[in-house]
Structure formats: C-alpha cells, structure tokens
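The values are calculated or read from the model by the stated rules, or taken from the named source; none is laboratory data. Keep in mind the model is a prediction, meaning the values are calculated, not measured. Please note: Cβ atoms are built from the backbone with ideal geometry, for glycine as well, and neighbour counts cover all protein chains shown.
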Amino acid sequence: MTAGDAPTDPGARPDEPPDFDQLALLVAGALGCEGGVVVPEARVSDICADSLDLYCLYVTLDAWVPGFVLPRQLDLDIATMADVHHYLVMRFEQRRVRR
C-alpha cells in the first residue's frame, strides 16, 4: 500500500492492517515529513510536534480503525511509532473479532 492506495471512502475499510513500512509512508505523507523520520524507535512526540500533527496521525490511523486514539495513559514522550503500530494492529484485530 502506498499513500495513494489509502482508503479515501470513509465506508471502505482495508481488510488487513498495514505493516510498519506502509504505515510509516502514510504517516510521513500526512505530516509532510520525510519517510526516514517515521521509524519504529521514533517517539510520537518527536513525530507529532503539536496537536494538529497528532490529529493528522489519528486521521491516518482512522482508515483502519474508525475513531482510533492512543490510550490516555500512554505517555507520548515515551511512546514510539512501533507502539502506535502495535496499538493499531491490536485495535484492528479486536474490531475484526467483534464483527
């Protein structure tokens, strides 16, 4: 999946969660940064400098899990993009099981 392949129809949801590289490409595009910046060990607070960036991250993740938000207890100064990917995959699988 590339940034151009991301679902644009809110009713159309992918059948599988993205792998980390796919997610990194889409997040980098949404935030207007270079793809090499969005790596597994990058902290969310370094990638998302402000609340608008965090919103863009959530909108990107919303393609797989509508209404996705990171857990409130997760410290964004410590959380990494690998953590974000992990939570996305976990929530995606939870939604799939519920259907």
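A quick yes/no check of all residues on (1) modelled with pLDDT of 95 or more; (2) among the hydrophobic types (A, V, I, L, M, F, W, C); (3) over 17 Å from Arg95 (Cα atoms); (4) touching a Lys or Arg at 6+ places or on another chain (Cβ under 8 Å):
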site	(1), (2), (3), (4)
Glu34	no, no, yes, no
Cys48	no, yes, yes, no
Leu54	no, yes, yes, no
Ala63	no, yes, no, yes
Phe68	no, yes, no, yes
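Checking the conditions here, which among Gly36, Gly32 is at positive phi and without any contact (Cβ under 8 Å) to a residue 12 or more places away in the chain? Steps first, answer last, please.
Details: Gly36 fails: at positive phi.
After applying the criteria, what remains is Gly32.
Phe92 fails exactly one of the following numbered conditions: (1) loosely packed, with under 13 Cβ neighbours inside 10 Å; (2) touching a Pro at 6+ places or on another chain (Cβ under 6 Å). What is the number of that condition?
All conditions are met except number (1).
Conditions (1) over 9 Å from the mean Cα position of the chain (by Cα); (2) of a type in the set (Lys, Arg); (3) not in a loop (DSSP other than H, G, I, E, B), marked per residue:
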site	(1), (2), (3)
Leu57	no, no, yes
Phe68	no, no, no
Leu74	yes, no, no
Asp77	yes, no, no
Val84	no, no, yes
Val89	yes, no, yes
Phe92	yes, no, yes
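What number of residues within the range 55-99 satisfy the criterion of being out of contact with any Ser or Thr (no Cβ under 9 Å at 6 or more places or on another chain) and of a type in the set (Gly, Ala, Ser)?
Here the count works out to 2.
Anything in the range 15-49 that is assigned to a loop (DSSP other than H, G, I, E, B) and over 20 Å from Asp77 (Cβ atoms)? List them, or say none. Quick ask: steps written out before the conclusion?
First, the residues of the range 15-49 that are assigned to a loop (DSSP other than H, G, I, E, B): 15-19, 32-34, 38-42, 48-49.
Of everything in the range 15-49, those that are assigned to a loop (DSSP other than H, G, I, E, B) and over 20 Å from Asp77 (Cβ atoms) turn out to be Asp15, Glu16, Pro17, Pro18, Asp19, Gly32, Glu34.
Just checking, how many residues over the range 75-99 are more than 17 Å from Ala28 (Cβ to Cβ) and in contact with a helix residue (DSSP H, G or I) (Cβ under 7 Å, 6 or more places away or on another chain)?
Qualifying residue count, the range 75-99: 3.
Would it be correct to say that Leu52 is part of a loop (DSSP other than H, G, I, E, B) and of a type in the set (A, V, I, L, M)?
Working: part of a loop (DSSP other than H, G, I, E, B): no; of a type in the set (A, V, I, L, M): yes.
Criteria not met by Leu52.
Within the bounds of the range 72-80, is there any residue that is under 15 Å from Pro17 (Cα atoms) and either out of contact with any Phe, Trp or Tyr (no Cβ under 6 Å at 6 or more places or on another chain) or buried (at least 19 other Cβ atoms within 10 Å of the Cβ) (or both)? Steps first, please.
In the first step, residues of the range 72-80 are kept if they are under 15 Å from Pro17 (Cα atoms); the result is none.
No, the range 72-80 contains no residue that is under 15 Å from Pro17 (Cα atoms) and either out of contact with any Phe, Trp or Tyr (no Cβ under 6 Å at 6 or more places or on another chain) or buried (at least 19 other Cβ atoms within 10 Å of the Cβ) (or both).
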